[in-house]
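Rule-based calculations on the coordinates, nothing more; no lab input. Because the structure is a prediction, the values reported are computed rather than measured.
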Amino acid sequence: MGVEEKFFPGLEGVVAAETSISFLDTKQGEIVIKGYDLIELSKAYRYLDIVHLLLEEALPNEEQKRAVEEKLKSEYDIPREVFDMLKLLPEKTHPMDGLRTGLSALAGYDSHLDNCSPQANKERAYKLLGKVPNIVANSYRVIQKAELVAPLPELSYSANFLYMITGKIPSAFEEAIFDRSLVLYSEHEMPNSTFTARVIASTLSDLYGALTGAVASLKGNLHGGANEAVMHMLLEASSVEEFEQLLESKLANKERIMGFGHRVYMKKIDPRALMMKDALRQLCDAKGDDLLYQMCEAGEKIMECEKGIYPNLDYYAAPVYWMLGIPIPLYTPIFFSARTVGLCAHVIEQHKHNRLFRPRVNYIGQRRA
Ligand SMILES: CC(=O)SCCNC(=O)CCNC(=O)[C@H](O)C(C)(C)COP(=O)(O)OP(=O)(O)OC[C@H]1O[C@@H](n2cnc3c(N)ncnc32)[C@H](O)[C@@H]1OP(=O)(O)O
Ligand SMILES: O=C([O-])CC(=O)C(=O)O
């Protein structure tokens with residue numbers, strides 16, 4: 001037959017890159033980001049600190065943090081024609097497809113597209129971090145024929161993002177919870193979307209192309225699309241008992257339960273999920289309504305007992321976004337916005353030490369005489 005090598009379906013356990021960006025240290029139970037534990041970072045730092053850490057290799061001082069924020073704010077605007085183009089999309093277009101189209105269109109406005117040097121890509125990364133939240137919030141509005149919401153530069157980066165989504169200026173409490181979700185989603189080693197971006201970058205294709213491919217990867221329900229699927233599942237039930245019955249019947253039908261399981265931590269809880277579970281608790285307490293929290297906990301118990309499988313970040317991010325008043329179709333685009341920084345760091349690293357990705361196959365088809 002063809003090449004006969006050991007084959008690992010889904011590339012499980014295969015090392016695809018050497019990186020100094022992040023590592024899931026399952027033995028120590030740490031998500032290592034540039035040497036720090038992501039969970040500890042999420043308790044003490046904000047999203048813009050993580051942006052600086054991933055793009056500049058160190059946590060920022062106050063002055064550096066202000067400079068990053070100013071840089072991103074100066075990049076909020078999107079060329080009018082990009083929104084004009086998005087207006088042509090059918091109303092049923094999913095915001096991830098709107099985002100994919102809008103992001104891809106930005107390439108044409110970059111006059112140095114062929115320059116893939118680390119410095120040029122870093123500058124592009126800041127531009128994209130400024131623009132992606134605007135595309136996310138407003139492509140949704142444009143496609144639905146609603147009015148655009150202009151960014152408010154007097155708000156913090158995260159508060160403005162949440163404001164553009166909901167149309168309401170968030171409280172400091174809501175902003176802090178949203179910002180924490182962005183930190184937790186910011187970077188996670190080599191998921192399918194990051195691998196996709198690195199594979200595209202390895203041809204020396206540009207950052208926009210690599211990220212556009214990553215949007216398509218992230219949209220799938222086995223990856224980022226799970227956060228939206230979790231919320232739809234939770235809304236199918238209106239009590240803890242109904243949710244338990246729903247899960248039992250899905251399991252009896254051999255369905256996958258969205259928000260559970262993970263290629264790397266299949267038999268352990270995703271440490272990020274615990275942080276979002278705590279955020280859900282806080283939101284439920286503040287709103288005096290803990291139904292979603294109770295349902296989620298009951299779901300966790302059933303999955304542990306029936307399958308020995310635990311929640312991933314998407315399971316608790318979904319009800320948190322619901323409690324923050326975020327429309328469900330924006331959950332995965334928000335995940336992408338937060339991950340933009342991690343993806344950019346990976347593309348920069350790929351271009352720095354590039355070798356084309358080009359694996360082989362074991363041929364199991366016919367040979368003709
Ligand atoms: C932030 C993120 O992107 S995290 C991932 C978000 N995705 C989801 O939540 C979707 C639901 N989860 C899943 O489908 C899986 O757990 C994945 C895709 C994340 C990882 O899957 P893989 O590593 O490929 O494991 P695989 O699909 O081979 O599953 C192993 C076993 O666990 C079972 N399993 C895994 N996840 C689930 C689940 N969510 N519900 C029910 N059973 C599950 C599989 O049916 C399989 O059982 P079997 O051996 O009896 O056939
Ligand atoms: O690591 C993965 O495979 C998926 C994931 O949790 C993420 O991208 O945050």
Build a GNM of the chain with springs between Cα atoms under 10 Å: which of K71, K127, K250 gets the top mean-square fluctuation? K250
What whole number of Å gives the distance from the Cα centroid of segment 270-289 to the Cα centroid of segment 140-174? 22 Å
Given a cut-off of 31 Å, name the pairs among K65/K301; K219/K277; K87/K254; K219/K250 whose C-alpha atoms lie farther apart than that in the structure shown. K65/K301; K87/K254
The answer for Y310, listing residues at least 5 apart or on another chain whose modeled amide H is closer than 5 Å to its amide H, is G261, K268
Could you tell me the distance between the Cα centroids of segment 117-134 and segment 4-41, to the nearest Å? 25 Å
Net lengthening on full extension, E154/S20 (0.36 nm per residue, minus Cα-Cα): 44.8 nm
Compactness of the chain as Cα Rg over 2.2 N^0.38 Å, two decimals: 1.00
Output the direction-averaged projected area (hull surface divided by four) of the convex hull of the alpha-carbon atoms of segment 168-239, in nm². 7.1 nm²
S22 long-range amide H proximity, modeled H, under 5 Å: K34
Hull volume per residue for segment 222-297, using the convex hull of the C-alpha atoms, in Å³ is 101 Å³
